[in-house]
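Reading through the structure tokens given below for one structure.
The values are calculated or read from the model by the stated rules, or taken from the named source; none is laboratory data. Keep in mind that what you see is a predicted model, and the values were worked out from it rather than measured. Positions of Cβ are backbone-derived with ideal geometry, glycine not excepted, and every protein chain shown enters the neighbour counts. The accessibility values were calculated without ligands, DNA or RNA, using every heavy atom of the protein model including side chains. Shrake-Rupley method; radii C 1.70, N 1.55, O 1.52, S 1.80 Å.
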Amino acid sequence: MCIRDRYHKGRFVPKNIYKYKGDHSRIYHRSGLEKRFMILFDKNPAVLEWASEEIVIPYYSTVDRKRHRYYPDFYAKLQTKNGIKQYVFEIKPKSLFEKRKTPKRITKKFLREMAEIEINNNKWKAAKAFCEKLGWSFEVLTDNSLKRFRS
């Protein structure tokens, strides 16, 4: 965990409670980036409804070879140019997607990072399949995605 993220964890109170689908008294953000998306989802009139970590998706981890439960960051129903669409979103910093060189010395930290990437890929594969069954879309959003939701 990044030191600065420690200060960005907290409770979120939506201004438009009617848009939130779930228990609006139990909305928590785990990063400043998640909080910014919550604010955008709450304010943006194109977002008809949204929820944070309210959906449970079972997945199989190829790292520990066990079944787990994945709680994606957000669900949202959006009014688009082509009609109403439903999405499941995962929020990650864009630095996570930058290419990394394999270090000369393989450390425990490097192995943990590689395992985390593999686990994320397992989760996202399950999320895509889950969404396809429902006719929804799954997307991983980054800092650059904020522009898309500005009203």
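Within the set Lys9/Lys43; Lys101/Lys125; Lys104/Lys128; Lys9/Lys81; Lys108/Lys133, which residue pairs have Cα atoms separated by over 30 Å? Walk me through the intermediate numbers first.
On the way: Lys9/Lys43 20 Å; Lys101/Lys125 24 Å; Lys104/Lys128 35 Å; Lys9/Lys81 34 Å; Lys108/Lys133 38 Å.
The answer is Lys104/Lys128; Lys9/Lys81; Lys108/Lys133.
Given a Förster distance of 35 angstrom, what is the FRET efficiency for Asp23 paired with Ile106, based on the Cβ-Cβ distance and rounded to 0.05? Could the numbers behind the result be given before it?
Working: r = 43 Å, r/R0 = 1.24.
According to the calculation, E is roughly 0.20.
Whole number in Å², please: accessible area per residue of the chain, 1.4 Å probe, ligands, DNA and RNA not counted.
68 Å²
Got a sec? What order do Val47, Val140 fall in by accessible area at 1.4 Å, biggest, i.e. largest, first? Working shown, then result.
Values: Val47 5, Val140 50 Å².
My answer, sorted largest first, is Val140, Val47.
Among Asn82, Asn120, Asn44, whose mean-square fluctuation peaks in a Gaussian network model of the chain (Cα, cutoff 10 Å)?
Among Asn82, Asn120, Asn44, the largest GNM mean-square fluctuation belongs to Asn82.
Which one, Lys77, Lys15, Lys109, has the greatest fluctuation when you compute a Gaussian network model over the chain with C-alpha springs under 10 angstrom?
Looking only at Lys77, Lys15, Lys109, the biggest GNM fluctuation is shown by Lys109.
Given a 1.4 Å probe and heavy atoms of the protein chains only, how would you sort Glu139, Glu54, largest accessible area at the top? All intermediate terms of the calculation are to be shown ahead of the outcome.
On the way: Glu139 55, Glu54 85 Å².
Descending accessible area places them as Glu54, Glu139.
By how many nm would the segment from Ile117 to His8 grow when fully extended, if each residue of separation counts as 0.36 nm and the alpha-carbon distance is taken off? Can you show the working numbers first?
On the way: separation 109, 0.36 × 109 = 39.24 nm, distance 2.30 nm.
Net length gain for the segment: 36.9 nm.
Ignoring ligands, DNA and RNA, please state the percent of accessible area on region 19-97 from carbon and sulfur, probe 1.4 Å.
Working: 2070 of 4240 Å².
Of all accessible area on region 19-97, carbon and sulfur atoms account for 49 percent.
Considering only the other residues whose Cβ falls under 10 Å of the Cβ of Tyr28, what net charge follows from Lys and Arg at +1 and Asp and Glu at -1? Show your work: numbers first, answer last.
Details: positive: Lys9, Arg11, Arg26, Arg30, Lys35; negative: Glu34, Glu53.
Overall, the nearby charge balance is +3.
If R₀ is 30 angstrom, what is the calculated FRET efficiency for the pair Lys43 and Lys133, using the beta carbon separation as r and rounding to 0.05?
Working: r = 31 Å, r/R0 = 1.02.
The calculated FRET efficiency here is 0.45.
Between the helical axis of 32-43 and the dominant principal axis of the chain, each derived from Cα atoms, what acute angle in degrees is found, rounded to the nearest 10?
20 degrees
Expressed as a whole percent, how much of the Cα-Cα distance distribution for the chain exceeds 22 Å? Walk me through the numbers before you get to the answer.
On the way: 5271 of 11325 pairs.
Counting every Cα pair in the chain, those more than 22 Å apart make up 47 percent.
Report the accessible area of Ile117, computed with a 1.4 Å probe over the heavy atoms of all protein chains in place, in Å² rounded to the nearest 10.
About 60 Å², ignoring ligands and nucleic acids.
Binning every alpha carbon pair distance of region 46-93 at 10 Å from zero, what are the percents per bin?
P(r) over region 46-93, rounded to whole percents: 24, 39, 26, 10, 1.
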